[in-house]
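First the structure, in the form of structure tokens, and then the observations on it.
The values are calculated or read from the model by the stated rules, or taken from the named source; none is laboratory data. Predicted model, so just to flag it, every value in this text is computed and none were measured. Here the Cβ positions follow ideal geometry from the backbone for every residue, glycine too, while neighbour counts run over all protein chains shown.
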Amino acid sequence: MSHHTPADLLVLHAVRTLGYGDAARIAVRVGLPEDEVAEHLLDAQAYGWAASSSFAGEGGWSLTWWPRPAPPGSSRRWASASRP
């Protein structure tokens, strides 16, 4: 029996393992459509788990390092990133 990981958690894990990446790069990593990945990233940003930034014309996403409780009904209890 295999375990199914929710897409939003796959996206957060991809950001964590990449460290920084745009939605297209993250979509390739997790094998999901870019628009779906972008939606999960915006949700993560709304919860304070991910941040979008840009430098020298390059934009991307990274995780914030303060853990926050997941919203009610979420598939996970906490999301956090390691301190730098």
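Brief remarks on what is shown
Residue-wise test of (1) modelled with pLDDT of 85 or more; (2) assigned to a loop (DSSP other than H, G, I, E, B); (3) not basic (Lys, Arg).
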residue	(1), (2), (3)
28	yes, no, yes
32	yes, yes, yes
42	yes, no, yes
59	yes, no, yes
74	no, yes, yes
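- Selection count, the range 9-37, where residues are surrounded by fewer than 19 Cβ atoms within 10 Å (Cβ to Cβ) and within 9 Å of the chain's Cα centre (by Cα): 4
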